[in-house]
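Questions regarding the structure given below will be posed in turn.
What follows draws every value from the coordinates through simple rules; no lab data is involved. Since the model is a prediction, treat every value here as computed from it, not as a measurement. In this analysis, Cβ positions are derived from the backbone assuming ideal geometry, glycine residues included, and neighbour counts consider all displayed protein chains.
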Amino acid sequence: MTASLRVAVLAGGYGGAKLSHGLALIEQRDPPLDLSVVVNTADDLQVHGLCVSPDLDTVMYTLAGLANPDTGWGLRDETWSAAEMLERYGVETWFRLGDRDLATNLLRTDRLRRGDRLTAVTDGLARALGIRARLLPMTDDRVATKVRTDDGWLDFQEYFVHRRHEDTVHELRYEGIAAARPTEEVLDALESADLLLLAPSNPFLSIGPILALPGVVETIVSARARVVAISPIVAGKAVRGPADRIFTSLGGRASAAGVATHYVERYPDLLDALVIDEVDYGDAPAIEALGLRVFPAATVMRSEPDRERLATEILESLGRRG
Ligand code: GDP
């Protein structure tokens, strides 16, 4: 039997979940895929006393085929009785948890309070939902993204959900990052990968915290994997969310070349290649001038076949060992 091709993905919620799902959908492949998804947890928060991990759950529900296709977060066929009752009590519910989602968060919170690591809790939930990929929180420690706006520093979900990411972002910090550690499982996935993908996730809000964990960049650079990012910016715009505006407000450019510049300047020697959308082919010379190989593809994943097609193209172009 052929040894499997080990693929690790660094992911946030929506874009990261779709690419990971595309990889997970490729069932029959020679060599077979061994998939690990390392997920941002710097968006995690407490809601009504529960420990909520939005990006982990988006990836988990997506890989389990349970995600709500209209919102990109939460579960399909969700009901909202608990949220309605909370509203009757006059509780703020701008961060809404559906009834079924509540079950996930109840279990996670209970297990964490009994002393289990987030890594073990997540593994238990993912296995119960039939997920075969390794779903790995980036850390078991507490990291919290804070965003500086015209109104001062805001908690991440206050900025993102409550204020609908409309504020201009002047500065970001990942509180707790210096004392946090990537888990053994994450380091093992990074060290043993043949191919490491930086998903088309927000480079500042999703990929940034993972790469900021002490030792992660060094581990990737000294490991053997080919490292490839997929641009979350297509034709100068984020496919969704505020990434394009954050590029501009933090002094970069919202373009495929701007994504390349961001990664090359902040993390020299990290990337080997950037997958850009076909519509951005004009940026290829500028990206190659930064020392990266460029792979154009149809990167906008509107459907499940789109996800699988993009994942297959990436593996065919870049997934060979050596
Ligand atoms: P969040 O944590 O839920 O905000 O999700 P992510 O950070 O994983 O994904 C949001 C980012 O992914 C945004 O910058 C989007 O532009 C990008 N994105 C989402 N879907 C797609 C897609 O289908 N293709 C590409 N190229 N980028 C995408």
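Out of Val7, Gly251, Thr71, whose Cα points farthest toward the positive end of the dipole of the chain (charges: +1 Lys, Arg; -1 Asp, Glu; placed on Cβ)?
About the Cα centre, the residue reaching furthest to the positive side is Val7.
On to the next question. Picking from Thr168, Ala83, Ala24, whose Cα lies most toward the positive end of the charge dipole for the chain (charges on Cβ: Lys, Arg +1; Asp, Glu -1)?
Most positive-ward Cα: Ala24.
Give the percent of DSSP beta bridges with both residues in the chain that are antiparallel, rounded to the nearest 5.
Rounded to the nearest five, the antiparallel share is 35 percent.
Moving on to the next point. Using modelled backbone amide H atoms (1.01 Å from N, in-plane), which distant-in-sequence or interchain residues come within less than 5 Å of Ala298's amide H?
It is Glu278, by chain and number.
I'd like the Karplus ³J(HN,Hα) series for segment 183-200: coefficients 6.51, -1.76, 1.60, θ = phi - 60°, whole numbers in Hz, and an x wherever there's a Gly or Pro.
Result, ordered by residue: 6, 4, 5, 5, 4, 5, 5, 5, 6, 9, 5, 8, 9, 10, 10, 8, 4, x Hz.
Which ³J(HN,Hα) values, rounded to whole Hz and listed in residue order, are derived for segment 118-129 from phi using the Karplus coefficients 6.51, -1.76 and 1.60 in 6.51 cos²θ - 1.76 cosθ + 1.60 with θ = phi - 60°, glycine and proline given as x?
These are the phi-based 3J(HN,Hα) values: 4, 4, 6, 4, 4, 4, x, 5, 5, 5, 4, 8 Hz.
Shifting gears a bit: Using the crude model of +1 on Lys and Arg Cβ and -1 on Asp and Glu Cβ, and no other charge, please compute the dipole size for segment 1-107 relative to its Cα centre, in debye to 20.
The calculation lands at about 240 debye.
Follow-up. How far apart, in nm, are the 7 Å Cα→Cβ label points at Thr2 and Ser317?
Simple spin-label model gives 2.0 nm for this pair.
Let me ask another. Whole percent per 10 Å bin, from 0 to the bin with the longest distance: what is P(r) over all C-alpha pairs of segment 278-319?
28, 46, 24, 2
Also: Considering the alpha-carbon set of segment 214-313 alone, what are its Rg and its Dmax in angstrom?
My reading of the Cα-based Rg and Dmax gives 13.7, 37 Å.
Short version: ³J(HN,Hα) in whole Hz for each residue of segment 55-61, in order, from phi by Karplus 6.51 cos²θ - 1.76 cosθ + 1.60 (θ = phi - 60°), x for Gly and Pro, what are they?
So the Karplus estimates, Gly and Pro as x, are 6, 4, 6, 4, 5, 5, 5 Hz.
Let me check the size of segment 129-212 from its C-alpha atoms; what are the radius of gyration and Dmax in Å?
In Å, with Rg to one decimal and Dmax whole: 15.0, 44.
Send over the Kirkwood Rh of the chain, from the inverse of the averaged 1/r over different Cα pairs, rounded to one decimal Å.
One over the average 1/r among Cα pairs gives 19.9 Å for the chain.
Residue separation times 0.36 nm, minus the C-alpha to C-alpha distance between Glu87 and Thr248: what's the value?
54.2 nm
Test of understanding: given the chain, find the longest segment containing no GluC sites (Glu not before Pro) that are in a DSSP loop and have at most 10 other Cβ atoms within 10 Å.
Between the exposed loop sites, the longest stretch runs 167-322.
Specify whether the C-alpha gyration tensor of segment 100-255 places it in the rounded, prolate or oblate class, a ≥ b ≥ c being the square roots of the eigenvalues: rounded for a/c under 1.5, otherwise prolate if a/b is larger than b/c and oblate if not.
oblate
Grab the DSSP H runs of the chain that are 4 residues or longer, score each as -39,500 (n - 2.57), total them, divide by all residues and round the 222 nm result to the nearest 500 deg cm²/dmol.
So the helix-based figure for the chain works out to -10500 deg cm²/dmol.
Run the numbers for Asp116 and Arg293: contour at 0.36 nm per residue of separation, minus the present Cα-Cα distance, in nm.
59.5 nm
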